[in-house]
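Chemist: Got a structure here, written out as structure tokens. Questions coming.
The values are calculated or read from the model by the stated rules, or taken from the named source; none is laboratory data. Bear in mind the structure is a predicted one, so any value in this text is a computation, not a measurement. Heads up, the Cβs are rebuilt from the backbone with ideal geometry, glycines too, and the neighbour counts pull from every protein chain shown. What goes into the accessible areas is simple: the full protein's heavy atoms, side chains included, and nothing from ligands, DNA or RNA. Shrake-Rupley method; radii C 1.70, N 1.55, O 1.52, S 1.80 Å.
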Amino acid sequence: MASSVIEDDTPFGLEDAPTRSLNMIEAINDALDIMMSRDPSVIIMGEDVGFFGGVFRCTAGLQEKYGKTRVFDTPINECGIIGAAVGMGAYGLRPVPEIQFADYIYPGLDQLISEAARLRYRSAGEFIAPLTVRSPFGGGIFGGQTHSQSPEALFTHVSGLKTVIPSTPHDAKGLLIAAIEDDDPVIFFEPKRIYNGPFDGYYDKPVQPWKKFPQSKVPEGYYSIPLGKARKVRDGEAMTILAYGTMVHVVEAVAREKGIDADILDLRTLVPLDIEAIEESVEKTGRCLIVHEATRTSGFGAELSALVTERCFYHLEAPVERVTGFDTPYPHSLEWAFFPGPIRIGEAMDKILEA
Amino acid sequence: MANGPTGNGQVGHNRPSLRLHVPEPKFRPGDEVDFSHLAVTKPGAQPRPDESCEASETNPLATDLVRVLGDDNQAYGPWDPRLDPDTLRAMLEKMALTRAFDERMYRGQRQGKTSFYMKCTGEEATSVAPAMALASDDMVFPSYRQQGILITRGYPLVEMINQIYSNRGDKLKGRQLPIMYSSRAHSFFTISGNLATQTPQAVGWAMASAIRGDSRIAATWLGEGSTAEGDFHSACIFAAVYNAPVILNVVNNQWAISSFSGFAGGERTTFAARAVGYGIAGLRVDGNDPLAVYAATQWAANRARANGGPTLIEHFTYRAEGHSTSDDPTAYRSAQEHTEWPLGDPIMRLKDHLIAIGEWDEDRQSALDLECAEKVKAATKEAEKNGILGHGLHHPFHTMFEDVYEDLPWHLEEQAAQAIRERKIKWPQA
Ligand SMILES: Cc1ncc(C[n+]2csc(CCOP(=O)(O)OP(=O)(O)O)c2C)c(N)n1
């Protein structure tokens, strides 16, 4: 942790901390609020994040609280947003830029890939890029192809970038705080489908608000969840399931429905990956299902599948299976035909168990 | 810490401390609105240089405001395009139809018939008038707010609604977000959700037309907020370097969702003034004056067609309603802005002009409004036979995998089979 102003103001363990029930938007807002108050070098910028508080309201109230020079709107120029964040980081600030939708991050790719990701390496540590790029991602809101994509694999492929994806309000807060404190550039993708409530894969059922679920109990005050540590969602023996973001909830629901004693890991951080937790689980179950919403070809599932096969081959009792979105742009009217839902996941589970 | 070796803020302590400027709009919710700071120019007072002039001769016009229609509803000055009454009435009709269409589609979204809609209320002149001034086969690369072009070019309303409902009649196969139309037959490029990407593409199309010795030109539209994107600057430099036969239309409707034009540089200079730096012709027009918009487009089109090169036109207008159905503008701007807007409403202004020259009356206007509403209603009924979003009447699952590539590779074949199997499991009767 670079900044010297930080003191630990949580004298008790996380379990004892008083909690509030928050949805994911509120949890993210809380994390930003806490980091802004603890560390004056944290600044927030992005399209519509200032007075308006962001199109998803994640930065609501922060400009009023911290002023216009710490929370401000930007020109619609994602290259500029990320490039300026790199420059601010070089000065010594800790920028948390927002890209309004992950689908709009591409104009900023050169600044991320060629610059942010490599400052430390090319300057032998003289300069770093301690930014956290927040962006809503994923489908399920009838957003069509430009409000639905899951481009995480573009970023996991880049050495020097970390990629974090929370799946609960509790984790969103702790992971965002850790990401902001991290001295390396972090891509923080927020699954917008579960901003307001988890999702069991049945789009025709009404959304259940987060308040009804224990993962919405968010400890008050400062806490961080280390990057690179997976969360055990469910302990089981029948098969390992690796998932992140929205899909964590879908696989959990499908396993429950089918009565499968699955060992479910929510990866939370894709890079650096919690390889130990994965190996331990697969060595126990001998079977592995990988699920993501992103398109299949060269998706992060391919990396996971390769790692499991390379490192756990002699423990495997069935071929590793991947369940993913299809290799098409995200369609509008057929978005639920694209989405890797209960049927696709269920079939893969059966296949793994029958092998 | 690795960064900021001198970052204690005390360096050069005998020098003044720096301050960050963050733009702030003049009015926020609840504020009294006073637009007296806006320079509203005298209609007819702006010179009209020859279409073959040096680009620099237009420099003063890039910070001026070309206007034709006066407060007395008469047309003035060298920019008056002197259109015959039939043409004026056609323009009025297209604008009224566009507005009626927007009204009904907006309501349709609210009634759950589709996921999303975007109106262009108050900005109708910026697409209808240029579409009339261009040749029908000039290629247009619009943003998402130029439905007026399609309506002017006679694209059937039913097709537009099929697209909006993403139903089985949708020519784009339900793939695109509502209003992201495409019609090659109407020389209307497929709309992207990614802002400003269409602008260098328009320039490229225009360059191609020049390479081939064609006579067609290209025109593109984008919001003032989107001019901040690098793509727009790529468009400008390519247009300048190759003297491309293209018109770059910046629709300055003052707001980009919740961000006012100051976040695109509007506090410093006009958007038309971007042209000056690139050495291309630039015009700034009253975007709510359909005659001025028509005249500016005609000027730029004639110039481009005569190998005079590109023109950047800023249309100074106002976004009278929310950004889209997902937006609530009362959260960030004063509701009074709309009522106080000093340049009026384009439809009212053209109507009043036609009445002033004795070519129209209120009864005919009422009849026109009714006729437009009926047309849209009939088209909506027709389109609804093909289904509305989320009610089963969509394109077959297999179509989801088509057009990713020209041919279906093996992996998409497999995935299509998977999608169809899932459908049979979910709906065994269907
Ligand atoms: C590359 C990109 N970044 C961000 C967005 C999100 N977005 C959609 S519309 C919009 C505002 C655009 O404003 P403006 O260009 O002024 O056009 P207007 O909507 O006013 O017509 C934003 C930020 C986007 N679609 N594409």
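Chemist: Could you check A:Pro206 against (1) surrounded by fewer than 17 Cβ atoms within 10 Å (Cβ to Cβ); (2) not in a loop (DSSP other than H, G, I, E, B) and say which number it fails?
Modeler: (2)
Chemist: Working only within the stretch A:135-149, note down all residues that are of a type in the set (Ser, Thr, Tyr) and open to solvent by 20 Å² or more (accessible area, probe 1.4 Å).
Modeler: None; the set is empty.
Chemist: Give the residues of the stretch A:96-117 that are in contact with a Gly (Cβ under 6 Å, 6 or more places away or on another chain) and more than 16 Å from the ligand (Cβ to nearest atom), sorted by residue number.
Modeler: A:Ala117
Chemist: Any chance you could count how many residues in the stretch A:136-154 are away from every other protein chain (no Cβ under 14 Å) and not aromatic (Phe, Trp, Tyr)? Even if it seems obvious, please write down each step before you answer.
Modeler: First, the residues of the stretch A:136-154 that are away from every other protein chain (no Cβ under 14 Å): A:137-138, A:150, A:152-154.
Narrowing the set further to residues that are not aromatic (Phe, Trp, Tyr) leaves A:138, A:150, A:152-154.
Adding up the residues that qualify gives 5.
Chemist: Still on this structure, I have one more. For the stretch A:254-300: of the residues being among the small types (Gly, Ala, Ser), in contact (Cβ under 8 Å) with a residue 12 or more places away in the chain and away from chain B (no Cβ under 14 Å), which is farthest from A:Lys232 (Cα to Cα)?
Modeler: At the first step, the residues of the stretch A:254-300 found to be among the small types (Gly, Ala, Ser) are A:255, A:259, A:262, A:277, A:281, A:286, A:294, A:298-299.
Filter again for in contact (Cβ under 8 Å) with a residue 12 or more places away in the chain, leaving A:255, A:262, A:277, A:281, A:286, A:294, A:298-299.
Applying the additional criterion that residues be away from chain B (no Cβ under 14 Å) yields A:255, A:262, A:277, A:281, A:286.
Working: A:Ala255: 14, A:Ala262: 11, A:Ala277: 9, A:Ser281: 10, A:Gly286: 17 Å.
Applying the filter and picking the extreme gives A:Gly286.
Chemist: Please verify whether the stretch B:266-276 includes one or more residues that are closer than 26 Å to B:Ala210 by Cα, open to solvent by less than 10 Å² (accessible area, probe 1.4 Å), in the same structural domain as B:Thr197 (by TED's automatic domain parsing) and more than 14 Å from the ligand (Cβ to nearest atom).
Modeler: Yes, some residue in the stretch B:266-276 is closer than 26 Å to B:Ala210 by Cα, open to solvent by less than 10 Å² (accessible area, probe 1.4 Å), in the same structural domain as B:Thr197 (by TED's automatic domain parsing) and more than 14 Å from the ligand (Cβ to nearest atom).
Chemist: Okay, next question. Kindly provide the set of residues from the stretch A:249-273 that are under 18 Å from A:Phe213 (Cα atoms), open to solvent by less than 10 Å² (accessible area, probe 1.4 Å) and either under 16 Å from the mean Cα position of the chain (by Cα) or among the acidic types (Asp, Glu) (or both), ordered by number.
Modeler: A:Val250, A:Asp266
Chemist: Looking at this structure, is B:Asn288 within 16 Å of the ligand (Cβ to nearest atom), in contact with a Ser or Thr (Cβ under 6 Å, 6 or more places away or on another chain), open to solvent by less than 10 Å² (accessible area, probe 1.4 Å) and away from every other protein chain (no Cβ under 14 Å)?
Modeler: Values: within 16 Å of the ligand (Cβ to nearest atom): yes; in contact with a Ser or Thr (Cβ under 6 Å, 6 or more places away or on another chain): yes; open to solvent by less than 10 Å² (accessible area, probe 1.4 Å): yes; away from every other protein chain (no Cβ under 14 Å): yes.
In short, yes.
Chemist: Looking only at the stretch A:92-109, which residues are over 26 Å from A:Gly53 (Cβ atoms) and at the interface with chain B (Cβ under 10 Å from one of its Cβ atoms)? Spell out the reasoning first.
Modeler: Taking the stretch A:92-109 and keeping what is over 26 Å from A:Gly53 (Cβ atoms), we get A:92, A:109.
Correct list: A:Gly92 only.
Chemist: From the list A:Leu227, A:Leu154, which residue is within 16 Å of the ligand (Cβ to nearest atom) and surrounded by fewer than 24 Cβ atoms within 10 Å (Cβ to Cβ)?
Modeler: Only one candidate passes the filter, namely A:Leu154.
Chemist: Quick check on A:Phe188: is it surrounded by 22 or more Cβ atoms within 10 Å (Cβ to Cβ), away from chain B (no Cβ under 14 Å) and within 16 Å of the ligand (Cβ to nearest atom)? Even if it seems obvious, please write down each step before you answer.
Modeler: Numbers: surrounded by 22 or more Cβ atoms within 10 Å (Cβ to Cβ): yes; away from chain B (no Cβ under 14 Å): yes; within 16 Å of the ligand (Cβ to nearest atom): no.
Criteria not met by A:Phe188.
Chemist: Here is a check on your reading of the model: is A:Arg120 facing another protein chain (nearest Cβ under 10 Å), basic (Lys, Arg), surrounded by fewer than 23 Cβ atoms within 10 Å (Cβ to Cβ) and more than 16 Å from the ligand (Cβ to nearest atom)? Explain how you work it out, then say what you get.
Modeler: Values: facing another protein chain (nearest Cβ under 10 Å): yes; basic (Lys, Arg): yes; surrounded by fewer than 23 Cβ atoms within 10 Å (Cβ to Cβ): yes; more than 16 Å from the ligand (Cβ to nearest atom): yes.
Criteria met by A:Arg120.
Chemist: Now for a separate question. Evaluate the following for B:Ser127: is it open to solvent by less than 10 Å² (accessible area, probe 1.4 Å) and of a type in the set (Gly, Ala, Ser)? Before the answer, list the steps.
Modeler: Details: open to solvent by less than 10 Å² (accessible area, probe 1.4 Å): yes; of a type in the set (Gly, Ala, Ser): yes.
So B:Ser127 fits the description; yes.
Chemist: Still on this structure, I have one more. Just name the residue that is farthest from the ligand (Cβ to nearest atom) out of those in the stretch B:185-209 that are at the interface with chain A (Cβ under 9 Å from one of its Cβ atoms) and not hydroxyl-bearing (Ser, Thr, Tyr).
Modeler: Among residues in the stretch B:185-209 that are at the interface with chain A (Cβ under 9 Å from one of its Cβ atoms) and not hydroxyl-bearing (Ser, Thr, Tyr), the one farthest from the ligand (Cβ to nearest atom) is B:Ala196.
Chemist: Would you confirm whether any residue within the stretch A:109-117 is among the polar types (S, T, N, Q) and over 12 Å from the mean Cα position of the chain (by Cα)? If you could, list the steps in order and put the result at the bottom.
Modeler: Within the stretch A:109-117, the subset among the polar types (S, T, N, Q) is A:111, A:114.
Restricting the remaining residues to those that are over 12 Å from the mean Cα position of the chain (by Cα) gives A:111, A:114.
Yes, that holds for at least one residue.
Chemist: Any residue in the stretch B:82-100 that is of a type outside the set (Asp, Glu) and not in a helix (DSSP H, G or I)? Before the answer, list the steps.
Modeler: From the stretch B:82-100, those of a type outside the set (Asp, Glu) are B:82-83, B:85, B:87-92, B:94-100; that's our starting set.
Next cut, not in a helix (DSSP H, G or I) only: B:82-83.
Within the stretch B:82-100, one or more residues are of a type outside the set (Asp, Glu) and not in a helix (DSSP H, G or I).
Chemist: Starting from residues that are within 16 Å of A:Glu26 (Cα to Cα) and crowded, with 23+ Cβ neighbours inside 10 Å, keep the ones in the stretch A:51-88 and report whichever is nearest to the other protein chains (Cβ to nearest Cβ). I'd like the intermediate steps shown before the answer.
Modeler: Looking only at the stretch A:51-88, we keep the residues that are within 16 Å of A:Glu26 (Cα to Cα), and these are A:52-63, A:65.
Now restrict to residues that are crowded, with 23+ Cβ neighbours inside 10 Å: A:54, A:58-59.
Numbers: A:Gly54: 9, A:Cys58: 14, A:Thr59: 12 Å.
Within the stretch A:51-88, the match that is nearest to the other protein chains (Cβ to nearest Cβ) is A:Gly54.
Chemist: If you don't mind, there's one more thing I want to ask. Restricting to the stretch B:237-265, and then to whatever is surrounded by fewer than 24 Cβ atoms within 10 Å (Cβ to Cβ) and in contact with a helix residue (DSSP H, G or I) (Cβ under 6 Å, 6 or more places away or on another chain), can you tell me which residue is farthest from the other protein chains (Cβ to nearest Cβ)?
Modeler: So the residue we want is B:Tyr242.
Chemist: Could you list, in sequence order, the residues of the stretch B:236-265 that are within 13 Å of the ligand (Cβ to nearest atom) and at positive phi?
Modeler: Answer for the stretch B:236-265, where residues must be within 13 Å of the ligand (Cβ to nearest atom) and at positive phi: B:Gln254, B:Ile257, B:Gly265.
Chemist: Further question: Of (1) open to solvent by 10 Å² or more (accessible area, probe 1.4 Å); (2) more than 13 Å from the chain's Cα centre (by Cα), B:Thr121 satisfies all except one. Which?
Modeler: Answer for B:Thr121: the failing condition is (2).
Chemist: Working only within the stretch A:123-149, note down all residues that are away from the ligand (no atom under 16 Å from the Cβ) and farther than 17 Å from A:Thr246 by Cβ.
Modeler: A:Ser123, A:Ala124, A:Gly125, A:Glu126, A:Phe127, A:Ile128, A:Ala129, A:Pro130, A:Leu131, A:Thr132
Chemist: Specify which of the listed residues (B:Tyr76, B:Tyr106) is under 22 Å from the mean Cα position of the chain (by Cα) and aromatic (Phe, Trp, Tyr). Can you show your working first?
Modeler: Numbers: B:Tyr76 fails: under 22 Å from the mean Cα position of the chain (by Cα).
Sole residue among the options that is under 22 Å from the mean Cα position of the chain (by Cα) and aromatic (Phe, Trp, Tyr): B:Tyr106.
Chemist: Which of the residues belonging to the stretch B:210-230 are more than 15 Å from the ligand (Cβ to nearest atom) and in contact with a strand residue (DSSP E or B) (Cβ under 7 Å, 6 or more places away or on another chain)?
Modeler: Of all residues in the stretch B:210-230, those more than 15 Å from the ligand (Cβ to nearest atom) come to B:210-219.
If the condition is that a residue be more than 15 Å from the ligand (Cβ to nearest atom) and in contact with a strand residue (DSSP E or B) (Cβ under 7 Å, 6 or more places away or on another chain), then B:Arg216, B:Ile217, B:Ala218, B:Ala219 are the ones that fit.
Chemist: Next question. Please note which helices (runs of 4 or more DSSP H) are completely contained in the stretch B:105-184 and include at least 1 residues that are within 14 Å of another protein chain (Cβ to nearest Cβ) and away from the ligand (no atom under 16 Å from the Cβ).
Modeler: Values: elements: B:125-133, B:147-152, B:157-165.
Where helices (runs of 4 or more DSSP H) fall fully within the stretch B:105-184 and carry at least 1 residues being within 14 Å of another protein chain (Cβ to nearest Cβ) and away from the ligand (no atom under 16 Å from the Cβ), they are B:157-165.
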